[in-house]
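Undergrad: Take a look at this one; I'll ask things after.
The values are calculated or read from the model by the stated rules, or taken from the named source; none is laboratory data. Because the structure is predicted, anything quoted here is derived from the model rather than measured. Glycine also receives a Cβ, built like all others from the backbone with ideal geometry; neighbour counts cover every protein chain displayed.
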Amino acid sequence: GSSRRRRSIQNQEAFDLDVAVKENKDDLNHVDLNVCTRFLGPARSGMALMEVNLLSGFMVPSDTIPLSETVKKVEYDHGKLNLYLDSVNETQFCVDIPAVRNFKVSNTQDASVSIVDYYEPRRQAVRSYNSEAKLSSCDLCSDVQGCHPCEDGAVGSHHHPS
């Protein structure tokens, strides 16, 4: 019935938020994020702030993300990006975020992406993500003898060749 549909939106996410991590096994120094969102409420959101926390050791070179009708402003903060979006409606909006490794950290912790309606902060959504192109400890100690945690077949065997 329709009564369930109107259930308090406070405890539901007001945005659909999807983070896809695209990585290249042969290049562990680049990870592309594709973040997509749309507004689940009626009509459209107000100005929205999308905060993209990068995996440790990664940064995004400034001016990589073009401004558009939707993306009004991008702040390149240390280890994260703030994208100010004009507003978000039910049409999915996606942005590509090319991240570059600027120092080596093994076994990165999950990072999060969030979006919030700037003037109605209870309208928000959060996702966390990680990359499979992790530097394992053996990438950091490749010169050390007896450090073999990533012999062939130990990692990524479930990936189908594209």
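Undergrad: If you go through region 78-112, how many residues are farther than 18 Å from residue 130 by Cα and in contact with a Leu (Cβ under 8 Å, 6 or more places away or on another chain)?
TA: Looking only at that region, the number is 6.
Undergrad: Right, another one. Considering only region 1-30, how many residues are in a loop (DSSP other than H, G, I, E, B) and either at pLDDT 55 or above or surrounded by 10 or more Cβ atoms within 10 Å (Cβ to Cβ) (or both)?
TA: Restricting attention to region 1-30, the residues satisfying the condition of being in a loop (DSSP other than H, G, I, E, B) are 1, 6-8, 12-14, 25-26.
Of the ones still in play, those that are also either at pLDDT 55 or above or surrounded by 10 or more Cβ atoms within 10 Å (Cβ to Cβ) (or both) are 12-14, 25-26.
So the answer is 5.
Undergrad: In addition: Taking residue 43, is it touching a residue at least 40 places away in the same chain (Cβ under 8 Å) and in contact with a strand residue (DSSP E or B) (Cβ under 8 Å, 6 or more places away or on another chain)? Please lay out each step first, then the result.
TA: Numbers: touching a residue at least 40 places away in the same chain (Cβ under 8 Å): yes; in contact with a strand residue (DSSP E or B) (Cβ under 8 Å, 6 or more places away or on another chain): no.
When the stated conditions are applied, residue 43 does not pass them.
Undergrad: Among (1) aliphatic (A, V, I, L, M); (2) surrounded by fewer than 16 Cβ atoms within 10 Å (Cβ to Cβ); (3) modelled with pLDDT of 90 or more, where does residue 60 come up short?
TA: (2)
Undergrad: Quick check: is even one residue across region 90-99 hydrophobic (A, V, I, L, M, F, W, C), over 15 Å from residue 20 (Cα atoms) and surrounded by 15 or more Cβ atoms within 10 Å (Cβ to Cβ)?
TA: The first filter runs over region 90-99 and keeps only residues hydrophobic (A, V, I, L, M, F, W, C), leaving 93-95, 97, 99.
If we keep only those that are over 15 Å from residue 20 (Cα atoms) too, we end up with none.
No - not one qualifying residue is present in region 90-99.
Undergrad: Can you name every residue in region 48-98 that is farther than 20 Å from residue 112 by Cα and touching a residue at least 40 places away in the same chain (Cβ under 8 Å)?
TA: Result: 87, 89, 90, 91.
Undergrad: Pull out all pairs, ordered by first then second residue, where Cβ-Cβ is under 6 Å, the residues are six or more apart or on different chains, the first lies in region 101-130 and is among the small types (Gly, Ala, Ser), and the second is at pLDDT below 90.
TA: Going by the 6 Å Cβ cut-off, the qualifying pairs are 106/135; 106/137; 106/140.
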